[in-house]
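Structure first, commentary second.
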């Protein structure tokens with residue numbers, strides 16, 4: 001039977017070959033991949049889809065051909081820094097791996113995913129997509145893809161996933177704005193136009209200001225991690241009660257739910273580090289225009305949110321400050337990364353210490369289905385369910401991710417063990433939970449916020 005060592009090759013003309021400068025999002029990520037080659041979170045975005053019964057292998061390959069034709073980013077390479085090249089002719093090897101039974105199918109899908117993530121993409125020449133098909137009795141049952149982050153960010157991946165699901169199900173993929181969505185080359189030309197450069201200059205002025213106000217780092221290495229200990233851990237928190245608390249505070253304050261969670265995180269961060277001013281890098285989707293809303297490319301860039309927590313007072317006021325700073329940060333998050341780096345280096349020279357970008361916040365709750373269904377009964381207790389697992393490297397000290405805020409809150413905290421040990425990861429998540437639950441009952445004074453962050457109530 002055919003196995004993954006004898007791939008099926010898909011080769012076709014996808015469209016005209018094109019060439020242009022990199023977008024700001026591509027250039028940022030290209031530099032980060034070179035700076036952090038071991039960051040698996042940064043490099044790869046996996047996708048594992050069930051193939052409906054009755055669909056043939058040729059039809060699965062046809063679906064791949066359709067999305068590769070539709071989205072230029074999926075056939076774009078980067079021959080040198082600053083340049084993107086869209087391939088007109090595509091050659092994709094799809095690896096077939098047979099498996100019999102549900103457990104074997106799941107193992108085969110994991111094997112393909114692990115294999116595709118074992119080596120970095122050769123972005124100068126390699127197609128930014130690796131594909132495998134799990135078969136049972138000669139019929140395709142799972143489609144496994146690993147995409148390069150150079151091709152898609154989290155929202156773009158969801159668009160590709162939705163399109164593939166529609167194709168495999170025999171339906172039609174319709175997404176609002178897809179007919180005017182920009183391809184990366186077109187977006188890059190817009191960014192390098194006179195109007196785009198003016199927008200970039202305004203964004204750069206913002207970054208000059210915010211780098212000057214931000215503390216160099218929020219967390220410091222306080223623990224020693226031995227070679228036989230896991231250095232990186234991630235805490236997973238699930239709670240229906242927490243989701244309801246966030247909803248209540250959001251409706252009372254007229255503030256988005258993501259900002260409510262970020263505000264609580266700012267309160268915990270300030271209290272537990274003893275800093276009066278916090279700096280959190282939030283991942284900005286940069287999809288606020290009709291041309292970018294449904295674009296399949298990597299658009300996300302940093303939004304640095306600096307809040308003077310000492311001046312905030314109660315939770316309601318801290319929410320207002322966080323909202324104001326967030327809106328300003330998101331407005332100017334699309335920026336030329338080379339100019340942004342130069343602005344940071346000037347601020348570093350003036351301060352005498354480099355900016356660490358060590359605490360990151362990422363709201364992924366727009367697509368709660370991305371993490372799959374929750375286990376039955378998960379997060380239904382008075383307190384959130386929390387577990388901690390060993391994690392992989394990321395070039396930060398702490399990374400808070402919101403995966404869902406619908407009927408259930410699903411929030412994770414990744415941490416470098418030199419800064420936050422396993423017990424502290426749990427303590428920080430519990431502190432976040434306490435602050436949000438208290439805020440749902442009414443405004444929380446600053447003194448009580450600090451007490452909640454440290455494990456009690458003022």
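For the reader, a short list of remarks on this structure follows.
- For residue 245: the one exception among (1) over 28 Å from residue 325 (Cα atoms); (2) assigned to a helix (DSSP H, G or I): (1)
- From the options 255, 281, residue that is over 26 Å from residue 420 (Cβ atoms) and not assigned by TED's automatic domain parsing to the domain that holds residue 182: 255
- Filter result for residue 367 (closer than 29 Å to residue 426 by Cα, touching a residue at least 40 places away in the same chain (Cβ under 8 Å), crowded, with 19+ Cβ neighbours inside 10 Å and in contact with a strand residue (DSSP E or B) (Cβ under 9 Å, 6 or more places away or on another chain)): no
- Boolean, residue 199 is assigned to a helix (DSSP H, G or I) and in contact (Cβ under 8 Å) with a residue 40 or more places away in the chain: yes
- Which listed residue is closer than 30 Å to residue 156 by Cα and either free of Cβ contacts under 8 Å to residues at least 40 places away in the same chain or in the same structural domain as residue 44 (by TED's automatic domain parsing) (or both), from 303, 294: 303
- Selection within the range 447-456 - over 11 Å from residue 268 (Cα atoms) and surrounded by 12 or more Cβ atoms within 10 Å (Cβ to Cβ): 448
- Scanning the range 69-112 for residues that are part of a helix (DSSP H, G or I) and surrounded by 15 or more Cβ atoms within 10 Å (Cβ to Cβ) yields a count of 11.
- From the list 280, 261, 268, the one residue that fits, being buried (at least 17 other Cβ atoms within 10 Å of the Cβ), in contact with a helix residue (DSSP H, G or I) (Cβ under 7 Å, 6 or more places away or on another chain) and under 21 Å from residue 344 (Cα atoms), is 280.
- The residues on offer are 62, 82, 15, and the sole one that is assigned by TED's automatic domain parsing to the domain that holds residue 117, at positive phi and more than 27 Å from the chain's Cα centre (by Cα) is 15.
- Here residue 291 meets each of (1) touching a helix residue (DSSP H, G or I) at 6+ places or on another chain (Cβ under 7 Å); (2) assigned to a helix (DSSP H, G or I); (3) modelled with pLDDT of 95 or more with one exception, condition (3).
The values are calculated or read from the model by the stated rules, or taken from the named source; none is laboratory data. Quick caveat, the model's predicted, so the values are computed rather than measured. Cβ coordinates were reconstructed from backbone atoms using ideal geometry, including for glycine residues, and neighbour counts include every protein chain displayed.
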